[in-house]
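Written out below as structure tokens is the structure these notes cover.
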Amino acid sequence: MRQFLKVVAFMVVTVGLFAGYSNLGIPQIQPAPPPTEEKIDLSAMTMDQFVALGERLFSGKGTCTLCHNALGRAPELGEIAISSQARLDDPRYAGSASDIEGYIRESLVDPSAFVVVGFGKAGSNDTESPMPSVNSGSIGMSDPETAAVIAYLQDNGGLEITVEIPTDLGEAEDEGEATNSGEPREPITDIQELVDNHACEACHTITDAAGDIGPDLSKIGATQDRDYIRQALLDPNAVIAEGYEEGFMPDDLGQQMYATELEIMVDFLSNLK
Amino acid sequence: MKGTGSLRNVSNKLIYGLFITLVIGLVSVFGGADLFAAYAAGTEAAADAASTGGYGPAPVTTAADYPSYAGVNGRLAIWIFAQLHLWFAAFVLAVPIFVFIIEVIGMRTRDKRYDDMAYEFIKVSITAYSLTAILGGLLLFSLILFYPDLFSYLSVIFGESMFYYALLFFGESAVLYLYYYGWHWLQGGLKKWIHLTLGLTLNAVGTTLMLLANAWLTFMMSPAGVDPAGVFSGDTWAAIHNFLWNPINIHRFVANIAYGGSIVGAYAAFKFLTARNDQEKAHYDWMGYNANFIAICALLPLPFAGYYLAAEIYAYSQQMGITLMGGIFAWLFIIQAVLIGTLFLSANYYLWCGMGRSDGAKRYTKYIKYIAIVLVGAFLVWFTPHTLVLTNSELKSLGGPHHSILGPLGIMPAKNTAVNIMITFTFLSFLFYRRSNKVATVSWEKTGNIIQVALFSAGIVNILFLGIYHGYFTNTVYKVAASIPQVMTTFTVIVGSLILDSFIYRGAKDVGPLHWGRIPDRAQYALFLLAVAFTWLMGLMGYIRSGIRQHWHVVDIMRDNSPDAYTPTLGYAANVVSIATIMFLAMVIFVFWIAQVSTKKSLPAGYWKE
Ligand code: HEM
């Protein structure tokens, strides 16, 4: 009996040591909680919020940082402006993208369309990417979420944000769903109200002759495209219209306007011909 | 006790026996495969007939779909029952394998000791067998109760194989009872052959059972035979033969043998400590030695089976692979390294103590401390963690991606080097043990020894060179290239020196009779340590295997939406594993005790009418 108790004690102590080591000997990391289905309310979101959403997805639900980090498991995405162009120019490139946004989107939804040299699955000779498609089960991002990540990647890579923000929100609003997000105000859909609210006409001529601190916008659609206009709104100091001064055009429209509003504005301006 | 030469016989026979095991294993794997293929063809036809319709997508659950009963946490209940079931199943899978081998050895050598030992082993596994079934039943009930949607989804796909599993289980019980209760009846001549055939059948059925259960498990990790929405194609064989099925089959099969050996070793150790006379002591010492020998033989290939498994997980999904080896679970592999280090060290320690059985061991004891130093050093390298990253928040709570100390030793080539060195030196311990009671008589003994030393030195230098060169002087892509030649080197050293040794010691004289039973009590504690560490390790690895599915029941197909879908901290997991281990050990003690009770008789005087 004494032997028996000794052996039992020995075993319990051993188990205790293993448990003790696991509890005290190594850092107790609280694993990230499972990703939750984020209700994205695009109608009530500014461009900056959209980019921020993309960033959250990038390091959270997207699990991108699992591979895209400083350890060389996947290409770094900070230099995406240069690298994406280089991919497009690569003679091996056989995908269907023609611009950087298209390339990024293709990299996300169809990673094997072009595999960066040295990063392919073992044995596939760089024809098969180890990266899962972002709308596959393992990551499971929706189209708006993918767009948000692209916006984030562009922003992060110092590119202008060209991605179109999905605007299938009319219906959502009709069902009265989009408004309960706790945002302070409802999105504006009327263009005149937008122009008035942001006092564009204090500086610009848009439809009626008005301000002349900024360039005449009444025919801007004839000379500039949507991307240019979007950039002019989000990041006015990137390109300064000839003959005008920097610093007047408000540079916080990205925070003031919801993404839908921004798109309405861009639509409107690009149709002024 | 037959003194002279018995040690050599034992080990040679066992090596031969292990070879047979491998063959049996392979035969049953492929035999099983044929069976499944035939069966799958049948279901395919049936499915065609039903125009493959009728299968729905994987259920989408909400938190409300996970009932809770009497305040019991479903995940915890399933976790513990599954683990307990797995431990017992591993034990009852492994024991008949080496019982069969030992029986064959006994039959060939006509040494009755082997037959008696085999019988004693199988007796121990009989009670364990019913516990396995009971725990399996509890696991089944808790799955149905707590995860009803998952269970019904899995039974749509595996319904038929579950049915065959149940049938096989009955078949297995029948064969086991025949094998056990018929032991003394089926002795001698043809009868012994019949008995042996029963043993073989028992093992084939047992292995098939394991393969089936593994299929369900690996389906959840690497689903196949279903479309992205989880709609089953009707091809059961595809679902069974999923990507990770064979890697897990191999790792488990080998691990279970080692595990069974360690539990039986603990049994022998306890019997040794409580033995009442020298004869009993000698018997249980001998039994403990054999059990430990089996455990070590199966332990040596395990790291490779493990890395193969990990590589296949990586190949299946880089995300899953990184979660396994580079994410939060990476810390778990540090605990794993500690445990495996414990296994290797205690197995070696037991061998060293065992050298005391021979009067000739003094010639070798002076080397042991060097082996010990090398083993501890290799263990420390192995234990150094690799880079650890998962999400940004985890990164923050960790304070950086690299281990604060010894970052460069955390890379794979360094670990591979350490593992190979550990294996080589464990083998060296074994070699010393083998030699300890022998005096070579061949004229070229000296030359032979020099070649032997040269072989080991060259092997070790080569392992180190490969590790250092590939690890530090080539770029990432080539870092893993070292592993294959390193393994080949280890393998060459082992096989080469075994062959050489058998020639050097051909016709060798024994120093004296082996003194079975002449071993300190603390050596028995090494056997207990081995058993406990093994059990705990299995529990931990079981947690990893399920844990890397993260918030999925079936990876990418069926999401776990229960409130418990999160990954717990390692401390919590370790505590659950510890509690389960203690429960398991208590049950094992009960099993051993009950096996002993059956041999006890009391004759109360005057109780029965004369
Ligand atoms: C000497 C080295 C090793 C030993 C003694 C060992 C032992 C074990 C044991 C006893 C089990 C439980 C088997 C079962 O549940 O039936 C196991 C499972 C496992 N091992 Fe290892 N292992 C070793 C090396 C490795 C390595 C190097 C890896 C990966 C890097 C690994 C990965 C795993 C995984 C993922 C499982 C869970 C699979 C399952 O459920 O069976 N092992 N190991």
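Summarising the label geometry, the points placed 7 Å from Cα in the beta-carbon direction at B:L140 and B:M162 lie 0.9 nm from one another.
Compactness ratio for region A:42-179: Cα radius of gyration over 2.2 N^0.38 Å (N = residue count) comes to 1.10. Ranking A:A241, A:T223, A:H198 by how far each Cα lies toward the positive end of the dipole of region A:187-270 (charges on Cβ) leaves A:T223 at the top. For the pair B and A, the buried accessible area comes to roughly 4100 Å² in total, with a 1.4 Å probe and the value rounded to the nearest 100. If a/c stays under 1.5 just call it rounded; otherwise compare a/b with b/c (prolate if a/b is bigger, oblate if not). Do that for region A:188-254, with a ≥ b ≥ c from the square roots of the Cα gyration tensor eigenvalues. Rounded is the answer for region A:188-254, as its axis ratio a/c remains below 1.5.
P(r) tail, region B:139-246: Cα-Cα pairs separated by more than 20 Å, 51% of all pairs. Of the peptides A:111-120, B:241-250, A:145-154, A:89-98, the order by per-residue mean of other Cβ atoms within 10 Å, starting with the highest, comes out as A:145-154, B:241-250, A:111-120, A:89-98. For region A:187-270, relative contact order (Cα pairs under 8 Å, six or more residues apart, normalised by length) works out to 33 percent. The figure for B:K369 is an accessible area of roughly 110 square angstrom, using a 1.4 Å probe on the protein chains alone. Given a 1.4 angstrom probe, I'd like the percentage of the accessible area of region A:187-270 that is carbon and sulfur, rounded to a whole number. Carbon and sulfur together cover 48 percent of it. Based on C-alpha pairs under 8 angstrom that are at least 6 apart in sequence, chain A has a relative contact order of 21 percent. May I ask for log10 I(q)/I(0) of region A:46-120 at q = 0.15, 0.18, 0.24 Å⁻¹, from a Debye sum over the Cα atoms as equal point scatterers with solvent left out? Values returned for q = 0.15, 0.18, 0.24 Å⁻¹ are -0.56, -0.80, -1.28. Normalised by the number of residues in region A:42-179, the mean separation of alpha-carbon contacts (under 8 Å, six or more apart) gives a relative contact order of 30 percent.
Can you give me the span-like helices of chain A, meaning DSSP H runs with 15 Å or more of Cα extent along the axis and Kyte-Doolittle mean at or above -1.0? In chain A, the long hydrophobic H runs are A:2-20, A:47-59, A:143-156, A:259-270. Of the cross-linked pairs B:K366/B:K509; B:K281/B:K362; B:K123/B:K609; B:K271/B:K601; B:K271/B:K415, which ones have a Cα-Cα span greater than 27 Å in the structure shown? The pairs that break the limit, which is 27 Å between Cα atoms, are B:K123/B:K609; B:K271/B:K415. Taking only the alpha carbons of region B:211-342, we obtain Rg and Dmax values of 19.9, 67 Å in that order. Averaged over the residues of B:562-574, the number of partner chain Cβ atoms lying within 10 Å of the residue Cβ comes to 4. Only one residue of B:G136, B:P148, B:V99 has its Cα farthest out toward the positive end of the dipole of region B:85-159, where Lys and Arg carry +1 and Asp and Glu -1 on Cβ, and that residue is B:V99. Sparse packing (at most 16 other Cβ atoms within 10 Å of the Cβ) combined with a DSSP loop state is found for the following chymotrypsin sites (Phe, Trp or Tyr not before Pro) in region B:122-204: B:W185. Note on B:337-345: average number of Cβ atoms from other chains within 10 Å of each residue's Cβ is 1.
The values are calculated or read from the model by the stated rules, or taken from the named source; none is laboratory data. The structure displayed is predicted, hence computed values, not measured ones. Methodologically, a virtual Cβ is constructed for each residue, glycine included, from the backbone with ideal geometry; neighbour enumeration extends over all protein chains shown. What goes into the accessible areas is simple: the full protein's heavy atoms, side chains included, and nothing from ligands, DNA or RNA. Shrake-Rupley method; radii C 1.70, N 1.55, O 1.52, S 1.80 Å.
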